[in-house]
Every structure is written in C-alpha cells, then in structure tokens.
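First up is the structure itself, then whatever we jot down about it.
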Amino acid sequence: MENDSNHIHRAKLVIAPAKSAISTILSNLIIQSCHRALQQSTIFTLALSGGSLPTFLQELPDAFSNANIDPQWDKWHVLLADERCVPSSHEDSNLGAIRTHFTNGVGIPPSQIYGIDETLLGSSEDVAASYQENVVKYLLDKKKSTDDDGKIDCALLGFGPDGHTCSLFPNHKLLSEQTRFVASIDDSPKPPPSRITLTLPFLNKCCRQIIFCGAGESKRPIIQAVFTDVEKANNNAVKYDDSVLGAKVALVALCHPAPYPCGMVHGCGDDDSLIWLVDEDACS
C-alpha cells in the first residue's frame, strides 16, 4: 500500500439526489475546473477513466452553452487515466468509450486526445513507458511552461464495487509503486488482463483536482469504508447549490490506512483538490 504519513486527508462528498442528477453536477464542476485553468494557463488538461464514466459527460456541451461560457475546446488536452492494451476500435478500449460518449461530439482536436501507441501492444510495459514519456511528461512539461502549477488540471475517475480505481486493484503490487507515473499490469483481476494505469504518485502529486464519480447501492460499502462516519456526514450535509434540487455536500475525512485503492487517492491537499460525487443510494 501507499506509504503515507498520518496526515488526515479530507474530501468534499457531494451527494446527488439521484443518479440522473450526477451529470448536471459533474458538468458544473468541470466548467469550474476549466474556467480556473484557462484563467492561469493556455490549456486545460483532463485525465479520464473509461467504462461507464464517459456517459456522465454527455450533458457537458449543453451545460457550457446554458452557462453562456465558451468551452474553448481547442485548448483541451485529454489523457487516459488507464487503458486496456487493445486497439481503440476494440469494445474494451477506454479511448473508444471516451470518443463515443464525449469527444466525438465536441471540438477537441483529435491530436489533443491521447491514446496509447498501438504499435507497441505486444508489450504492456512498452505501452506504459511510451505513455509516460510521450503523453504524461509531455503534458506536465506543457503545463509547466504555461503556468506556475505544472499539474494536470483535473482527473475524473470511477471506482468499482471492489474499491479499485483506474487499473489499481486491491492488494496489488502496483499500490506500492513510488516513482513511475504510468505503470503496466498484466494480471488484472478484471478482463482484459493487460493494461496501463496512472499510479498513486501521479494522482497524489501531479493533479490539481480529482473528482470521483459513482452511483448505486453496490458502491455503498466502499463509501462507508473509505470515509469516517459517512452516516453522520450525510445527516449533517448542507445544500450544495441551486442547480440541482436536493443535492448536498459534506466535508469528510478519509480513513487511514486506506482500505481500498480509491481511498489511497487524496490529491494535493487543498479544499477543492478531492471531490467525491455520488448519488443518495451510494450513501444512505
């Protein structure tokens, strides 16, 4: 597991009244992140997981329009939080899901949507090394050249009912990784077995903001295990904002030591660096 100090890390737990409200709240959070980034820099960098997560982004273009904000899609750079070692045309490809549910419908230049080097698919280790050097380090250097922060602006992540996030699985040796920002895995407990993933050092040191999204009763045990006294936090939560009737927010502390990989992701430490967006079913 990650070797962290006894410092108490906190997150904003945003509770949507229903799964259907998550997209609206998430869109507003991303608009804020994008606006903040483009005030300080000439680019907005967003790391995305695949699976069902990109479906939450389908309302984003309309949300920008309704807010009368120009998204400036030409300044967006999208990288993968993890990827299966398959061609982008394969049904298991995270990039494929991101394209289908999000980027194909907006004006982000294709050259600024960063997939894996498919010529290297014979070796997941080579795929990971290439992605670290040619995508992750490239974007970090690009950020450093345009602002003082030098971090990826936002990472949007999911979490499974087993507590995994990205392709970081419970009790796996990758949880002890200390130096690499991108690592390979060939024994994933979920198919397909070969993948690449952003690591804990990257997520906790190189991301300005991390947003977890999840919904449904299957996520409830993870929420209850990752945070201290979720029931009390839920009862004491206050109104989030006026955009979604019934949405609430509470400040919660992460359990230490973290019981699951998703709980090991704590971000950089300021008030908005870690947000968990879930529905009522995941918290009740």
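The values are calculated or read from the model by the stated rules, or taken from the named source; none is laboratory data. Every value quoted in this text rests on a predicted model; they were computed, and no experiment measured them. Note that we place each Cβ from the backbone using ideal geometry, even for glycine, and neighbour counts take in every protein chain shown. Ligands, DNA and RNA are stripped out before the accessible areas are found, and what is left, the full protein with its side chains, is counted by its heavy atoms. Shrake-Rupley method; radii C 1.70, N 1.55, O 1.52, S 1.80 Å.
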Report for the chain the percent antiparallel among DSSP-assigned beta bridges with both residues inside it, nearest 5. 40
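Rank Ser194, Ser23 by accessible area, highest first, at a 1.4 Å probe radius?
Ser194, Ser23
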For Glu231, Glu91, Glu177, write out the residues from largest to smallest accessible area, computed with a 1.4 angstrom probe and no ligands counted. Glu91, Glu231, Glu177
Point-charge dipole on Cβ atoms (K/R +1, D/E -1) for segment 148-284, about Cα centre, debye to 20: 400
Kindly state, to the nearest 0.05, the FRET efficiency for Lys205 paired with Leu245, given R0 = 41 Å and r defined as their beta-carbon distance. 0.65
Output ³J(HN,Hα) for segment 272-281: one whole-Hz value per residue in order, computed from phi by the Karplus curve 6.51 cos²θ - 1.76 cosθ + 1.60 with θ = phi - 60°, and x for Gly and Pro. 9, 6, 9, 10, 10, 10, 9, 9, 4, 4
On the protein heavy atoms, probe 1.4 angstrom, tell me the percent of accessible surface of the chain carried by carbon and sulfur. 46
Given contacts defined as C-alpha pairs under 8 Å and at least six residues apart, what's the relative contact order of segment 113-209, whole-number percent? 28
On average, how much accessible surface per residue is there in the chain, in Å², for a 1.4 Å probe, leaving out ligands, DNA and RNA? 43
Heavy-atom accessible area order for Lys142, Lys190, Lys239, Lys232, largest first, 1.4 Å probe: Lys239, Lys232, Lys190, Lys142
In Å, what is the Rg of the alpha-carbon atoms in segment 1-127, and how long is Dmax? 16.6, 46
Just to check I understand the Karplus step: with θ = phi - 60° and J = 6.51 cos²θ - 1.76 cosθ + 1.60, what whole-Hz values come out for segment 57-64, glycine and proline as x? 9, 5, 8, 4, x, 5, 5, 4
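Report relative contact order for the chain in percent, whole number only (criteria: Cα-Cα under 8 Å, sequence separation at least 6).
On the way: 582 pairs, mean separation 80.6, N = 284.
That works out to 28 percent.
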Write out the trypsin sites (Lys or Arg not before Pro) in segment 74-136 meeting two conditions: DSSP loop, and at most 10 other Cβ atoms within 10 Å of their Cβ. none
Taking amide H atoms as placed 1.01 Å from N in the peptide plane, list the residues 5 or more away in sequence, or in a different chain, whose amide H sits under 5 Å from that of Ala155. Ala47, Gln209, Ile210, Ile211
Which number gives the lysine pairs in segment 107-230 that have C-alpha atoms under 21 Å apart and are eight or more places apart or on different chains? 11
Please identify the chymotrypsin sites (Phe, Trp or Tyr not before Pro) of segment 20-88 that satisfy two criteria: DSSP loop assignment and at most 11 other Cβ atoms within 10 Å. Which are they? none
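Could you calculate, for segment 89-157, the ratio of the Cα radius of gyration to the Kirkwood radius, expressed as Rg to Rh?
0.99
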Just report the Cα centroid separation between segment 93-147 and segment 159-176, whole Å. 21
